[in-house]
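In what follows, a single structure is set out as structure tokens and then discussed.
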Amino acid sequence: MEPDPEKSLRVALVSLGCSKNLIDSERMLAMLAEGGCVVGAPMDEADVIVINTCGFVEAARAESMDVLAEALEYKRRGSAKRVVVAGCVVNRDGTSLYEQAEGIDAIVGVNNRSEILAAVTGNARFTRCDDISENFKSQISNFKSDTDGLKSQISNFKFKFKIHSDAGRFRLTPRHTAYLRISEGCSQKCTFCTIPSIRGPFRSKSPDLILDEARELIADGAIELNIIAQDTTGYGRDLPGGWNLARLLRQLDSLDGARWIRLMYAYPRRFDDELIDTIAECERLIPYVDIPLQHISDGVLKRMGRQTTRSEIETLLDKMRSRIARIAIRTTFIVGFPGESDGEFAELLDFVEKFRFDAMGAFEYSPEGGTPAAMLDGAVSDEVKARRAERLMLAQQKIVFDANAAKAAAGERVQVLIDATDGEGRCVGRTFAQAPEIDGVCYLAEPGPIGSIVSAKIVGFDNYDLIAGMIDN
Ligand code: SF4
């Protein structure tokens, strides 16, 4: 039965942060709709405002708090009756959020997101957050000296970290493209990262659950599945039966209906030959890999706890390029990590200029409370961090602009997935080398059906974006 818009609670949900948070938002919206709420209201017309926050780094947390302040203003003015905070900031700050921002009615942590309906429909203050984040933080801060302690901490609290099904979502992406999450949490030991303390240890979803969710998304119109997790290459190592990412991807590749399967968030250390062969051989698994490397200098990699070296990274990237035809590789780097010397940054810049990634992002290091890196000596000034990030991005900009110019000059033939039309007969889409939201786009001069894949020829470029004309369609 459809909810009665006259009587049902109207809910506005603001989804902040990454694609993992977006899936949480989609799932929470579905639960709210199933519970009789009218979802999708704008903030100024909502009875209840839910902010699904991002707390990965301080800047994201600040943005979340700004949106929260806006929501609380609607409540003060009387249009909204209730304000609910969900997501990563809840796991970082816990019940102290009630003191930080007056007027919050409910908080729901990432691992309690299935209780969103009670938080939205309740009358009294409602708290469901994982009270272990403080334990995790202190344990992680002792990381170097107490690795076993962290392990037992994780296993003691295992019961709190269930695997959530992401089936039955109120999707926020265009119908033809969807994110498919294959695991939750992370057990890597990157010293700068808050994710393990926020989202808990790594847990793979069962292959059956993932395949069912993929089928559901395909039946709902998705032809592009973007495989995500905190650490996709770790998939399966905690499951019985010899599962790994390569085996899962081959299963997904056999599903009728999916046209592009795209691998995101690959951690370099476990990227093995079997995975390279799988990407090279599978038809629907497109030759695109998002592999956050974070740095290339051995000294910085070690201080970051990345458990890999320059030589291992170079061997892996060379193998990918030599064995996977037309592969597009995207990565991200952090500049200004504690102790990053001029020489270490120069090494990174030189590597980026020589390797010529298809896409790259540079982030300034942000010290996060409770992480081992925040206690390291050798802080790099904000000014130097900003200068290094700019230099790295300028180097990458030249690489991408040159590559785009060469594609246009050669009239390269590409397949373009049409995401939208601009109302004037033009389309905007993406080639296989352009992931949604984070990479450039491809403009087409002609109209075409949204969600279809068309053949096109690149005729120009506009900075990071391509311009193409349709052919043979
Ligand atoms: S792999 Fe490292 S950076 Fe990525 S979520 Fe895990 S701990 Fe954080």
Can you confirm whether Ala246 is out of contact with any Leu (no Cβ under 9 Å at 6 or more places or on another chain) and without any contact (Cβ under 8 Å) to a residue 40 or more places away in the chain?
no
Of the residues in region 47-64, those that are over 16 Å from the mean Cα position of the chain (by Cα) and assigned to a strand (DSSP E or B) come to Val48, Ile49, Val50, Ile51
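Pick out, from region 66-125, the helices (runs of 4 or more DSSP H) lying fully within it that include 1 or more residues that are at pLDDT 95 or above and under 27 Å from the mean Cα position of the chain (by Cα). Give the derivation first.
Values: elements: 88-93, 96-100, 116-121.
Hits in region 66-125: 116-121.
Any idea which of Arg175, Arg203 is charged (D, E, K, R), farther than 24 Å from Leu275 by Cα, surrounded by fewer than 22 Cβ atoms within 10 Å (Cβ to Cβ) and in contact with a Gly (Cβ under 6 Å, 6 or more places away or on another chain)?
Arg175
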Within region 170-196, track down each residue that is of a type in the set (A, V, I, L, M) and more than 8 Å from the ligand (Cβ to nearest atom).
Leu172, Ala178, Leu180, Ile182
Mind counting the residues in region 197-226 that are assigned to a helix (DSSP H, G or I) and either within 16 Å of the ligand (Cβ to nearest atom) or among the charged types (D, E, K, R) (or both)?
8
Specify the residue that is surrounded by the fewest Cβ atoms within 10 Å (Cβ to Cβ); the eligible residues are those in region 270-291 that are in contact (Cβ under 8 Å) with a residue 60 or more places away in the chain and farther than 24 Å from Asp212 by Cβ.
Pro287
At pLDDT 95 or above, surrounded by fewer than 21 Cβ atoms within 10 Å (Cβ to Cβ) and among the basic types (Lys, Arg): which single residue out of Arg247, Arg262 fits that description?
Arg247
In region 269-310, what residues are part of a loop (DSSP other than H, G, I, E, B), over 28 Å from Glu347 (Cα atoms) and either in contact with a Gly (Cβ under 6 Å, 6 or more places away or on another chain) or of a type outside the set (Lys, Arg) (or both)?
Cys282, Glu283
Unique residue being under 17 Å from Arg171 (Cα atoms) and part of a helix (DSSP H, G or I) when the list is Asp24, Asp44:
Asp24
Does Ala219 fit the bill of being crowded, with 17+ Cβ neighbours inside 10 Å and of a type in the set (Gly, Ala, Ser)?
no
Ala266 vs. criteria within 19 Å of the chain's Cα centre (by Cα), in a loop (DSSP other than H, G, I, E, B) and not assigned by TED's automatic domain parsing to the domain that holds Ile438
yes
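The values are calculated or read from the model by the stated rules, or taken from the named source; none is laboratory data. Source: prediction; values computed, not measured. Positions of Cβ are backbone-derived with ideal geometry, glycine not excepted, and every protein chain shown enters the neighbour counts.
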